[in-house]
Ligand code: FAD
């Protein structure tokens with residue numbers, strides 16, 4: 001009998017899961033749930049922040065002027081290029097259209113229950129080694145009408161672009177919203193309570209105009225933080241790009257100043273780690289998200305500590321419940337191609353084509369990976385950060401399960417654009433690229 005698989009989320013990761021599941025109807029049947037009214041997840045831009053018309057947290061973290069921070073040539077899923085003659089760095093509407101066309105091309109809409117929120121996932125032991133999953137869900141417009149359906153496997157694809165308590169009464173709001181979805185990560189900063197300016201998380205950032213003439217500290221300089229700082233600088237009087245990374249050796253607009261991380265806040269000012277103080281109006285937090293799976297019941301036995309999810313084999317498969325997978329946990333990666341490998345790896349195991357190692361072996365593999373990071377001086381919260389390791393990781397998954405590798409050209413172009421970006425975070429998106437074959441690309 002075909003295995004019944006629940007997919008939670010119809011963003012890029014969930015669509016990819018639905019595509020590969022539906023390709024093997026003899027092996028799998030699929031139901032994909034998404035609380036939004038459309039597919040595409042975080043790429044559904046909305047002006048709205050806070051809560052939506054169903055009193056649920058707004059899911060999208062997109063801002064109006066966003067252009068992708070990767071060229072579309074590397075963003076694409078394998079064997080499904082962007083069908084557009086547009087420049088390499090596209091706007092968010094283009095990515096949404098791409099995901100919609102992916103769903104249409106692979107005929108996925110019939111498997112997707114939109115406007116449907118998963119409220120609970122419960123593990124139920126069955127005969128022998130087998131395990132069943134009860135997935136409870138409700139329409140977003142009638143949240144008391146809960147139904148429960150039985151599945152053989154669950155793929156968690158709920159992303160992290162969700163819930164954004166806005167305003168500065170962060171502590172209270174986080175408690176209020178604790179039971180919902182992914183949580184923006186609010187660092188603890190001494191003096192935050194006394195700060196009289198506005199505190200905004202990047203999840204709620206939409207347009208630069210509200211920063212007109214203001215002095216802004218943008219805390220965090222990962223890809224999104226850098227891009228948002230540049231966007232804000234088009235309207236702000238002054239932007240302090242505050243971070244603890246090595247100093248960015250890049251061109252910056254005149255009104256953007258790099259600073260160290262934040263030591264404390266005063267009522268109207270910020271004190272950087274070197275003791276320097278500056279007056280500011282707004283603190284913009286580009287500090288990322290916590291992993292958060294409020295719908296997993298305790299019997300799913302998922303632990304999250306210090307931004308580390310355990311027990312996961314290859315950042316992906318639940319070691320104690322190997323019929324549960326989490327797509328998209330690694331950070332600092334090329335997302336869509338990696339989702340594709342993760343999905344194919346998991347399904348290979350689920351179908352029995354590839355045999356997972358024993359539990360003790362999976363646990364020691366995971367522990368080895370974690371200890372290697374610690375021995376390199378990385379803090380525990382970097383447990384799922386891959387960065388340059390992502391290619392080795394992708395290849396390893398592909399080789400273990402004997403599935404197709406991500407074409408080498410993706411890595412080559414990704415690494416190349418990274419070089420262009422670190423030299424000039426303002427202008428790197430003006431360049432265009434073309435894939436020549438599975439090995440080579442051309443800079444146009
Ligand atoms: P999401 O897109 O967040 O989708 C998750 C889905 O799960 C949502 O639709 C949500 O409604 C649904 N969901 C959550 N909880 C439930 C529930 N309980 N029940 C039912 N449904 C639920 N990547 C790139 O490749 N290039 C870029 O340039 C790029 N720029 C980015 C810029 C920003 C501002 C952000 C936030 C991300 C960017 N990314 C970029 C990364 C992006 O997150 C990934 O590309 C990818 O879209 C993530 O897909 P996902 O499916 O994991 O999550």
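Listing for the model above:
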read-out: Set 196, 259, 237, 214: member being more than 26 Å from residue 304 (Cβ to Cβ), surrounded by fewer than 16 Cβ atoms within 10 Å (Cβ to Cβ) and touching a strand residue (DSSP E or B) at 6+ places or on another chain (Cβ under 6 Å); value: 237
read-out: Flag if residue 332 is more than 15 Å from residue 155 (Cα to Cα), at pLDDT 95 or above and surrounded by fewer than 20 Cβ atoms within 10 Å (Cβ to Cβ); value: no
read-out: Enumeration of residues in region 177-218 that are within 16 Å of the ligand (Cβ to nearest atom) and at pLDDT 90 or above; value: 200, 201, 202, 203, 204, 205, 206, 207, 208, 218
read-out: Residue within region 82-99 that is more than 11 Å from the ligand (Cβ to nearest atom), farther than 16 Å from residue 429 by Cβ and touching a residue at least 60 places away in the same chain (Cβ under 8 Å) present; value: no
read-out: Selection within region 7-31 - more than 6 Å from the ligand (Cβ to nearest atom), in contact with a strand residue (DSSP E or B) (Cβ under 6 Å, 6 or more places away or on another chain) and part of a helix (DSSP H, G or I); value: 17, 18, 21, 22
read-out: Residue among 347, 296 that alone is touching a residue at least 12 places away in the same chain (Cβ under 8 Å), away from the ligand (no atom under 16 Å from the Cβ) and under 18 Å from residue 10 (Cα atoms); value: 347
read-out: Breaking point among (1) within 30 Å of residue 350 (Cβ to Cβ); (2) at pLDDT below 95; (3) exposed (fewer than 15 other Cβ atoms within 10 Å of the Cβ), for residue 150; value: (2)
read-out: Test for residue 118: is it modelled with pLDDT of 95 or more, under 30 Å from residue 234 (Cα atoms) and either within 11 Å of the ligand (Cβ to nearest atom) or assigned to a strand (DSSP E or B) (or both); value: no
read-out: Residue match in region 336-348 (condition: in contact with a strand residue (DSSP E or B) (Cβ under 8 Å, 6 or more places away or on another chain) and at pLDDT below 95); value: no
read-out: Filter pass, residue 102 being under 21 Å from the mean Cα position of the chain (by Cα), more than 10 Å from the ligand (Cβ to nearest atom) and within 30 Å of residue 428 (Cα to Cα); value: yes
read-out: Extreme residue, surrounded by the fewest Cβ atoms within 10 Å (Cβ to Cβ), among residues of region 88-113 that are part of a loop (DSSP other than H, G, I, E, B) and touching a strand residue (DSSP E or B) at 6+ places or on another chain (Cβ under 9 Å); value: 106
read-out: One residue from 316, 363, 309 being away from the ligand (no atom under 16 Å from the Cβ), in contact (Cβ under 8 Å) with a residue 12 or more places away in the chain and buried (at least 16 other Cβ atoms within 10 Å of the Cβ); value: 363
read-out: Strands (runs of 3 or more DSSP E) contained in region 287-385 and holding at least 2 residues over 17 Å from the mean Cα position of the chain (by Cα) and under 30 Å from residue 219 (Cα atoms); value: 303-305
read-out: Unmet criterion (only one of (1) farther than 20 Å from residue 428 by Cβ; (2) part of a strand (DSSP E or B); (3) within 16 Å of the ligand (Cβ to nearest atom); (4) at pLDDT 95 or above) for residue 271; value: (3)
read-out: Restricting region 32-64 to residues that are part of a strand (DSSP E or B) and more than 15 Å from residue 107 (Cβ to Cβ), the residue that is nearest to the ligand (Cβ to nearest atom); value: 33
read-out: Count of region 66-80 residues which are crowded, with 16+ Cβ neighbours inside 10 Å and more than 7 Å from the ligand (Cβ to nearest atom); value: 8
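The values are calculated or read from the model by the stated rules, or taken from the named source; none is laboratory data. Note that the structure is a prediction, hence the values are computed from the model and not measured. In this analysis, Cβ positions are derived from the backbone assuming ideal geometry, glycine residues included, and neighbour counts consider all displayed protein chains.
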